[in-house]
1. Using θ = phi - 60° and the Karplus form 6.51 cos²θ - 1.76 cosθ + 1.60, what ³J(HN,Hα) does each residue of the range B:259-275 get, whole Hz, x for Gly and Pro?
2. If you average 1/r over all unlike Cα pairs in the range B:371-420 and invert the result, what Kirkwood radius do you get in angstrom?
3. Extension gain A:ASN142-A:LYS116, at 0.36 nm per residue separation less the Cα-Cα distance, in nm?
4. Decide, for the range B:1-81, between rounded, prolate and oblate: order the square roots of the alpha carbon gyration tensor eigenvalues as a ≥ b ≥ c, take rounded if a/c falls under 1.5, and otherwise choose prolate if a/b is larger than b/c, else oblate.
5. First measure r as the distance between the Cβ atoms of A:LYS176 and A:ASP197, then evaluate 1/(1 + (r/R0)^6) with R0 = 25 Å and state the FRET efficiency to the nearest 0.05.
6. Run the lone-cysteine check on chain B: no other Cys C-beta under 4.7 Å from the residue's C-beta.
7. Compute the distance from the alpha-carbon center of the range B:426-459 to that of the range A:428-459, in whole Å.
8. When a/c is below 1.5 the answer is rounded, else prolate if a/b is larger than b/c, else oblate, so apply that to chain A with a ≥ b ≥ c taken from the square roots of the Cα gyration tensor eigenvalues.
There are 2 protein chains.
Amino acid sequence: LENKENIVIIGCGASGGTAAQFARKTNRKSNIIILEKGKYPQYSKCGIPYVISGIIPEKNDLIEFSEEWFKKANIQLSLKTIVEKIDTKKQLIIAKKEEKRIEIKYDKLIFATGAKPFVPPIQNLKEDNKIIKGVYSLRTINDLEKILSTIKKSKKAVVIGAGFIGLETAENLYKKNIETVVIEALDHIMPNSFDIDMSKVLKEKIPKDLEILTNHLATRINKNHDKIKSIIAKNKKTNEETEIHTDFIVLATGVKPDVKLAKEAGCEIGDAGGIKVNNKSETNIKNIYAAGDCTEYYDYITAKPKTIGLGSTAVRQAIAAGINSSGGTYILPKGFLSTYTSEFFNVEIAGVGPSQKDLNEFDIVNAKYNGLSHPHYFPGGKPITIKILVDKPTGMIAGAQAIGDKAAQRINTIACAILGEMDIETFRKLETAYAPPVSPTLEAETIVCDIISKKLKKI
Amino acid sequence: LENKENIVIIGCGASGGTAAQFARKTNRKSNIIILEKGKYPQYSKCGIPYVISGIIPEKNDLIEFSEEWFKKANIQLSLKTIVEKIDTKKQLIIAKKEEKRIEIKYDKLIFATGAKPFVPPIQNLKEDNKIIKGVYSLRTINDLEKILSTIKKSKKAVVIGAGFIGLETAENLYKKNIETVVIEALDHIMPNSFDIDMSKVLKEKIPKDLEILTNHLATRINKNHDKIKSIIAKNKKTNEETEIHTDFIVLATGVKPDVKLAKEAGCEIGDAGGIKVNNKSETNIKNIYAAGDCTEYYDYITAKPKTIGLGSTAVRQAIAAGINSSGGTYILPKGFLSTYTSEFFNVEIAGVGPSQKDLNEFDIVNAKYNGLSHPHYFPGGKPITIKILVDKPTGMIAGAQAIGDKAAQRINTIACAILGEMDIETFRKLETAYAPPVSPTLEAETIVCDIISKKLKKI
């Protein structure tokens, strides 16, 4: 190694790979080294559910940047490399690659260690402190491989959790003709993102034979010899227990930041359980950055610390870490906007900002509107439901949720209004693009704002 | 009439109808009277081309709000009513309805008189100072009726003008199996909206057998007895003349504001030829407002006066006129953002702000990027080309143009950034919604901004 800066990145997920890419763009001369414990280069975690149904044909299609790509970009990617210890005084990393001990000096270190699945307390879920066969998370290609091989000999599945990953997994199992039941402990689907009224609109779009039990706790797994036989779902209101026969179980009960190494290195872990980072993706320790699911940052609206499991924010924090660690400057907004999207049974959904329950310290006014993608006289209009939440005292937009036509792009526009600290009176006057084959003169989001403005007695 | 305010609106197009609607929403008690010279209530002018091909099945489908609707809304709509004179001292309107003279007192008057087609100087276009049979504009249902009846006995058409209306008309004629040639005097299609490079991208999406002659002037019409035989298109560079045989001709060469009545009433007509209005849609005369195609206002970016023939701005000015004339307050942004969209042969296009030629007094940096709607690993991604123009000294976004996937909604987001006076450094950090079946982690518009930021040496 010549006398160049060593930028070492732990983890080659979306954040690790992106940080490396932007570090390289910023400084053509540094040594950039990624240490990844798994055997795959950067792949899409978010794409995993779609390999189950075959929408994405092969697990290898998930690989976004190959080993060759990193080589060409002059980034050293070391797979199957487990970091054991970080000496922040000597700026030294001790790792093990297939039983071989490695020592690497770093000038800048970026944690991109991601998150681990949260495992809920279900009776018989573990044996000898290990998750039993037939119960899977869906976070890695390794998890996917297990599910793909299980599916071949299965007819029934239970998914625990009706958030994004749970519903995406359930849809793809359903499309693979697996009889699927979803168990959700909270009282509506997408409980951490959508308000209950929007969840109801979404639930209407999901086929009735994909059963979703909300307000139910998965309490106990029953086995028959070595195989899973059923799972007990307990109604939280009535305490009634339902036995659901199933061949396997997918856990989609959220994740927690993987902070073990960072914590041992002395990085501050925040109230939300992630590595605390600032708007440059710096940790509290000099020359150490962190990006993605292992971090915690602030909510843009509430300013409360939060972890977020979104690829979009991971990538943006990684851009900041990559650029800032390499002599450039990239300052992130003051918090996560938390813009999200997905698609369920051909219905796009999206949102930005906290849902109403996370805004209970604010005085919120909201409205919802069912519009169409096209003017009424133009055939082929598709439904769009939009809800917007506004902070009453300031008129500022605090969040929005959308279901239907081009939901994500509409939410991006609202996210832009939030980032621009725009109040509802300004935003509702936004001149949106209009032409009969594309959109109406007043978009659904404009009309929602008009309703809110009227509620604020400002018409 | 009881002793209520009389709000009189001249014209029942999108602006007139919308102004009435919002005047009614603002004040439940006023008398609202619309005087419309034509025989139809509020209909969509922008929808007219699509009746030619049958995408919109019937001309009556274009009617957005029927006479019954206005009646129910307690708005008096008087059709076939021609305003002859306005006495601004007495606040009195003199009109004629089917030879009957009417006098109406107004407390507030709103001009929504729209615009008239511009008729280019083409030899033999007129006889006895009237446009000859076989040459049509496409602005009213009356025009449409003529074209619909002509089409039945026609095989060939020429459209003059390759702006929105020209291209939309040409596409619908083409879909009706009419052999169509478009003649455009300027050097590229969409010359007033798109930069030449974006026009080229769009032109690639138009079938080759829909011929478009750019840089050609339509100079002379040749007739055969009473019928049109051909039109001469002269190459502006070589002066070469081409004779194009055609059965009829559609003029799509733009419009000019209809300001006759307003001018006679003493309203100030601005440099761009429209009724000058402010951010409340007020004219210079007390109690008189104007909205839509008959007005001129400012360009948001250049601050120059401009007329604009967009339904989206017409409706917004009309909301302002309706609310402000009725005791409410609705302040428009400081200028037209000029957000536009259309769809040609299933390709959506959109833009916001001036094109580069209208920004020649500014120091502009721009970039263009060809992206995909989806991450590369997810099947079915559709192309999207986005160009963004940025004012170099301030970093402010001055305009954008898009072709392809969800172009209009993407442009709405950029329009929001412009309205929020957001610079490129802020906008490029916007957290956009990401999920494999919907969108990539970094949208094309984000990547364009990154390129521009790099050009500004700010990476």
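Just so it is clear, none of the values below were taken in a lab; they were calculated from the coordinates. Nothing here was measured: the structure is a model prediction, and the numbers come from that model. All Cβ positions, glycine included, derive from the backbone under ideal geometry; neighbour counts span all protein chains shown.
1. Per residue, the Karplus-derived 3J(HN,Hα) values read 10, 3, 4, 5, 4, 4, 7, x, 5, 6, 9, x, 5, 8, x, x, 5 Hz.
2. Hydrodynamic radius (Kirkwood, Cα only) of the range B:371-420 equals 11.9 Å.
3. 8.0 nm is the gain from fully extending A:ASN142 to A:LYS116.
4. Values: a/c = 2.79, a/b = 2.39, b/c = 1.17.
Judged from the Cα gyration tensor, the range B:1-81 comes out prolate (a/c at least 1.5, a/b above b/c).
5. E(calc), rounded to 0.05, equals 0.20.
6. Singleton cysteines: B:CYS12, B:CYS46, B:CYS267, B:CYS294, B:CYS449.
7. The range B:426-459 and the range A:428-459 have Cα centres spaced 26 Å from each other.
8. Judged from the Cα gyration tensor, chain A comes out oblate (a/c at least 1.5, b/c at or above a/b).
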